[in-house]
Each structure stands twice: as structure tokens, then as C-alpha cells.
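Inspection log for the structure reproduced underneath, given as C-alpha cells.
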Amino acid sequence: MSVIYDKLKNMTTKLQERKIEAMVEKTVYRVLRGVFIDPETIMELKPSFEKKLKQSIKEKRLGKLKDLRTVLASLH
């Protein structure tokens, strides 16, 4: 019985983590849109930037994001 309880608890925790992660991603996306929208001209994000942002979020979910040090090293 303990094994089933532990598995159920682990599944519940992972589900909660995924829900929290999704909420954080949506919030960050909304904040970035708010930051990059110019209230004077009502300009929105370029579609290419928005596409890259969505791709980055997807890659994060899949665990495919590059380490910051790797990215910075490639810039030099």
C-alpha cells in the first residue's frame, strides 16, 4: 500500500510542478509583452521575436535549453 501511496504522491507533485511552471511561463510571457509594447505607438512584439520566445518556452519544457555559459561563450 505504501508503494502505491508514494507513486500517487509523486505523480501529484509532478502535476503540481507542471501547473506551476505553466502559470509562471504564461506570466513571464505577459510581462514581456507588456514591457516590449510601446504605449505611445501601440507597437507589439515582432512576430519573429514572439515565435522565438514561444520556442524557448517549449525547449525549456523539454529540457533542451542551452546553459547560459555555453551561449555566452559562443558570442565571443
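Quick note: the coordinates plus some simple rules give every number you see, no bench work behind them. Just so it is clear, the model here is predicted, and its values are computed rather than measured. Neighbour counts run over all protein chains shown; Cβ positions are idealised from the backbone, glycine included.
Going through the cross-link list Lys14/Lys54; Lys14/Lys60; Lys19/Lys58, which pairs have a Cα-Cα distance over 19 Å in this structure?
On the way: Lys14/Lys54 22 Å; Lys14/Lys60 16 Å; Lys19/Lys58 14 Å.
Where the Cα-Cα span goes over 19 Å, the pairs concerned are Lys14/Lys54.
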Size of the dipole of the chain about the Cα centre, Lys and Arg at +1 and Asp and Glu at -1 on the beta carbon, nothing else charged, in debye to 20?
-> 380
Dipole of the chain [Lys/Arg +1, Asp/Glu -1 at C-beta], most positive-end residue of Ile20, Val35, Leu75 | Ile20
Computed from these coordinates, which is Rg/Rh (Cα atoms, Kirkwood Rh): (i) 1.17; (ii) 1.23; (iii) 0.93?
-> (i)
Nitroxide proxy distance, nm - points 7 Å out along Cα→Cβ at Glu21 and Gln55 | 2.0
Measuring from the longest principal axis of the C-alpha atoms of the chain, the long axis of helix 47-61 (C-alpha) lies at a number of degrees, nearest 10, equal to 20
How do 15-25, 64-74, 50-60 rank on mean C-beta neighbours within 10 Å, highest first?
-> 50-60, 15-25, 64-74
